[in-house]
Amino acid sequence: MTKLTLLGPRALADDGARVLPEPVDIVIENGEILAVRPAGSAPPEGEAIDVRHTLAVPGFINSHHHSHENFHKGRYDRLPLELWMNYVRPAKPLPLTADDIYLRTLVGASQALLSGTTCIVDDFNASPVLNPEHVEAALAAYEDIGIRALLGPTLFDVPFHESVPFLQEECCAETLASLAPTQSTPPAEYLRFVETLAATRHPRENRVGVLLAPSAPQRCSDGFLRQVRELADATGLPVIIHVQETRLQAASAWHERGKTLFQHLDELGFLAPGTSLIHAVWLTPDDIERIAASGASVQHNPNSNLKLGSGLMPMRALLDAGVNVSLGTDGCGSLESTDMLRVVANTALIHKLRGDDYRRWIGAEEALHAATRGGAIALGQEDRLGRIAPGHRADLVLYRLDGPAFTPLNNPLRQLVFGESGGSIDSVFVEGERVVADGQLTRLDQRAISRRIEQAMSRLRPAIGEAERLTETLRPAYERIWSRCQALPLAPGTLPARLDDA
């Protein structure tokens, strides 16, 4: 039995909207919070750790990440999603070993822990050929570093290139043939694989678990989406799916279907609690009503959406309708960081560009809620994650209150959101284990990880470069498609998401 007491920190209140006025003691046993009580009101239980002069906050839940992009960090800029995507999902897969996958996964996980994230959701590209050893390598990386993780092998039964509008018109037969994989695992096998993993990797019982990750409605047939929904209902696994991230996706959905993808998913019965709609930048009021009625969450990635020029989702309208919103970084190919501190700050900043009523702007409290309790709700784990409260898992971060961001100490919650860069992090606990101490990982050597990654990259860079050169040959056709879709109308009533559409 492992028991410890954190002595004397200030702590975020149970409601998540304020910091308690007086220090507390936090008692932890077997990874679970047993008690949060006034400091010194009872003798310490188990190991006593003096953490006075710190602020205890629930660890961030990074609700969307693509670890398969980590080796592409820093390679691209000034590209919209549709032109960028082929670089990180090349038609010819990279020659990766299981050890490469292990190291690649540690890239994002280490930065996540060191910047205050205790849980990460990994939408993991395992296509076109499913290699169980690669999936196990990613799971092992999360196990070894000590973070909480939910990994979902990406699911789809419509090949990526076939989901792109006008591709048949803009590409010659030879180019189309080059986009089709020479080998591919049947989609049903992916579903069976995740179902099998769920028996031993269910996130309710395991720190490192799995979830269902259908890629997007345009890349999944209706029958396949129904199968995913049935499996989710049968197993209780969370679901994540990309929906209308860009104007191109929103306009082409209206052009091809005469309905939005949110309406389509709703009519299929796909929307439900424990289901996260990733990005959801381009929405109509009807879409928002449907999402709210279903109990599904919207998963917001503001920094990635900014870098790819996708737009700004209507967070205030969603919250007003009762929709739960979570936060994430997205992959390191589109945004070079798994640092959720940046995401939380930008959430509380950029939404102040919407609307003239300053009283309705998104504030620090709402951004922090989305990064903690919002993420827990999205994953169907609001009863065990996202709060410092008895019965919840002991996933928390301690920030030193003598750091520059908190000096002078006026409003610690706002100073955390707007001022903290990670330099004040004293400790990160996951399930009661101290996995970061004094700015260093406790389970693995960060410098050794970096050295091994550089060794792997010396072998992989030529292959990445060759894949990028092949992608460049597709660029003219994709630019024509992108331009054509910019001219397509959106569904009536679509809320503006970019300044040039406002």
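The values are calculated or read from the model by the stated rules, or taken from the named source; none is laboratory data. The shown structure was predicted, so the numbers you read here are calculated from the model rather than taken from an experiment. Please note: Cβ atoms are built from the backbone with ideal geometry, for glycine as well, and neighbour counts cover all protein chains shown. The area values use the complete protein model at the heavy-atom level, side chains included, leaving out ligands, DNA and RNA. Shrake-Rupley method; radii C 1.70, N 1.55, O 1.52, S 1.80 Å.
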Any residue on another chain or 5+ positions along whose placed amide H is under 5 Å from the amide H of residue 401 is listed here as 54, 55
Surface share of carbon and sulfur [accessible, 1.4 angstrom probe, percent] for the chain: 51
Between the alpha carbon centres of region 79-124 and region 334-389 the gap in Å comes to 22
Of the residues 176, 458, 493, the Cα lying farthest along the dipole of the chain towards its positive end, which is defined by charges on the beta carbon of Lys, Arg, Asp and Glu, belongs to 458
Calculated Rg and Dmax of region 345-445 using C-alpha coordinates, Å: 15.5, 49
If you average over every viewing direction, what projected area does the convex hull of the Cα atoms of region 58-135 give, in nm²? 6.0
So what J values fall out for region 159-171 if you push phi through Karplus, 6.51 cos²θ - 1.76 cosθ + 1.60 with θ = phi - 60°, rounded to Hz, Gly and Pro as x? x, 3, 5, 6, 8, 7, x, 6, 5, 4, 7, 9, 10
Signed unit charges on C-beta, dipole axis of the chain, positive-most listed residue 105, 255, 334: 334
Using θ = phi - 60° and the Karplus relation 6.51 cos²θ - 1.76 cosθ + 1.60, list the HN-Hα couplings for region 205-215 in order, rounded to whole Hz, with x at every Gly or Pro. 10, 10, 4, 10, x, 10, 8, 9, 10, x, 4
Convex hull over the alpha-carbon atoms of region 277-376: what's its volume per residue in Å³? 91
Take region 142-206, compute every pairwise Cα distance, and split them into 5 Å bins from 0; I just need the percent in each bin. 3, 12, 18, 15, 13, 11, 10, 8, 6, 2, 0
Amide H proximity to residue 278 below 5 Å, modelled H, separation 5+ or other chain, gives 241, 242, 243, 299
Degrees separating the helix 285-294 axis from the principal Cα axis of the chain, which is the longest one: 60
Accessible area per residue of the chain at 1.4 Å probe, in Å²? 39
Measuring from its Cα centre, region 319-477 shows a charge dipole (+1 at each Lys and Arg Cβ, -1 at each Asp and Glu Cβ) which, in debye to the nearest 20, is 220
Taking region 370-502, the whole-percent share of alpha-carbon pairs separated by over 22 angstrom is 69
With bins 5 Å wide starting at 0, give me the P(r) of region 45-89 over every alpha carbon pair, in whole percents. 4, 13, 16, 15, 9, 7, 8, 10, 7, 7, 4, 0
Translational diffusion coefficient, Stokes-Einstein: compute it for region 94-224 using the Kirkwood radius over C-alpha pairs as Rh, at 25 °C and 0.890 mPa s, and state it as an integer in µm² s⁻¹. 152
Can you find, among 278, 425, 216, the residue farthest towards the positive end of the dipole of the chain? Put +1 on the C-beta of Lys and Arg, -1 on that of Asp and Glu. 425
To the nearest 20 debye, what is the magnitude of the charge dipole of region 35-112 about its Cα centre, counting +1 on the Cβ of each Lys and Arg and -1 on the Cβ of each Asp and Glu? 320
What size of dipole, in debye to the nearest 20, comes out for the chain about its Cα centre when the only charges are +1 on Lys and Arg C-beta atoms and -1 on Asp and Glu C-beta atoms? 700
CD proxy at 222 nm, helix term only [per DSSP H run n ≥ 4: -39500 (n - 2.57); per residue of the chain; nearest 500]: -12000 deg cm²/dmol
As straight-line cross-link partners of residue 352, the qualifying lysines (C-alpha separation under 19 Å, not fewer than 8 residues apart within one chain) are 307
Give the Rg (one decimal place) followed by the Dmax (whole number) of the chain, computed from C-alpha coordinates and expressed in Å. 22.3, 75
Taking only C-alpha pairs under 8 Å that are 6+ residues apart, what is the relative contact order of the chain in percent? 22
Square roots of 5 times each gyration tensor eigenvalue, C-alpha, region 208-356, largest first, Å: 24, 18, 15
Residue by residue through region 64-77, what is 3J(HN,Hα) from phi via Karplus (6.51 cos²θ - 1.76 cosθ + 1.60, θ = phi - 60°)? Round to whole Hz and write x for glycine and proline. 7, 8, 10, 5, 5, 9, 5, 6, 9, 3, x, 8, 9, 7
When N counts the residues of region 1-85, how does its alpha-carbon radius of gyration compare numerically with 2.2 N^0.38 Å, as a ratio? 1.68
State, to one decimal in nm, how far the label point of residue 359 lies from the label point of residue 222, with both points 7 Å from Cα in the Cβ direction. 4.6
